[in-house]
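In what follows, a single structure is set out as structure tokens and then discussed.
All of the numbers you see were taken from the coordinates with simple rules; none came from a lab. None of these values were measured; they are calculated from a predicted model. Here Cβ is always computed from backbone atoms with ideal geometry, including for glycine, and neighbour counts include all displayed protein chains.
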Amino acid sequence: MQMIDDILKELAETKLDYLTEISESKQILRKIEEEFRLMEIHIPRDRWLAIGAHVLSFVRRMTNGEKLPVIEAELFAEIHPDMVTLSHKVLSEEKSAWQADDTEAFLLAVHFEALRAMQMGPS
Amino acid sequence: MSKVKIVIGDRLGKGQNIAKGIEAAGGTAIVIPGVGADMKVGDVMVSESADLGLSFCGSGGAGALTAKTKYGFPVEYGLRSVDAGITALRSGKKVIGFGFMDTEELGRRMAEEYIKLGGK
């Protein structure tokens, strides 16, 4: 939890326009922290920083109603399906108006896959 | 005189159009292959002794911040236009993160600007 606060503080200091997204981002980051704790996968600080920046940008896109281009289906084969499922889970369970699509789930899942591969080796 | 060498890391493994633009401007482009390539920009910049790194994902932040944390590169990210990238370049940033923008124009103008600034 302290790590999440530290990361968000650092990101907000370097990019002031992130300030409005911090509260919602923190909820998502807490879920990620919990899910990876249950899987006994450690998230190093540099990975937290990258994930934090990604989640802040995700919340901004959702708030602005911005959609990213659809991702080719074959790219999903490069990521463990559990990581895509997990990504959908942490992004979709929020009690918010937004609905994270497959593209958003994939982009976050790439971060998860990097952590999973680091811990367990490539699938 | 050596050419400007620019590393491209895109979350989806793209960047081929940016590379064409860099080459057209007289630079050398290195496109990191594979999904998650953005997170390797700093590593490849160091291993290839590159001049610049360009990171692409939703905001380009993951690649830029990873490069900053691991190697101390000055970075800017969250950019959405070529002009914003040029401004970052002029202020001395070495790793610049964008939203997804695989265009020749971006590669060409970034390489041209780097050369104009006297980097190469």
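Some notes on this structure:
- Cα-based shape type of chain A, given that a ≥ b ≥ c are square roots of the gyration tensor eigenvalues and the cut on a/c is 1.5: oblate
- P(r) histogram, all alpha-carbon pairs of segment B:3-120 included - 5 Å bins from 0, percent: 2, 15, 27, 30, 20, 5, 0
- Measuring between their Cα centroids, segment B:1-70 and segment B:97-120 lie 11 Å from each other.
- Partner aspartates and glutamates whose Cα lies under 16 Å from the Cα of residue B:20, excluding those fewer than 8 positions away in the same chain, are identified as B:10, B:102, B:104, B:105, B:112, B:113.
- Anisotropy class assigned to segment B:30-76 is oblate, per the alpha carbon gyration tensor with a/c at or over the 1.5 cut-off and a/b no larger than b/c.
- When only Cα pairs below 8 angstrom with a gap of at least 6 residues are kept, segment A:1-74 shows a relative contact order of 39 percent.
- Label-point separation, residue B:16 to residue A:80 (7 Å along Cα→Cβ), nm: 3.0 nm
- Global geometry of the protein assembly as shown, whether rounded, prolate or oblate, following the gyration tensor of its Cα atoms and the 1.5 cut on a/c: prolate
- Relative contact order for chain B, counting Cα pairs under 8 Å that sit 6 or more residues apart, in percent: 31 percent
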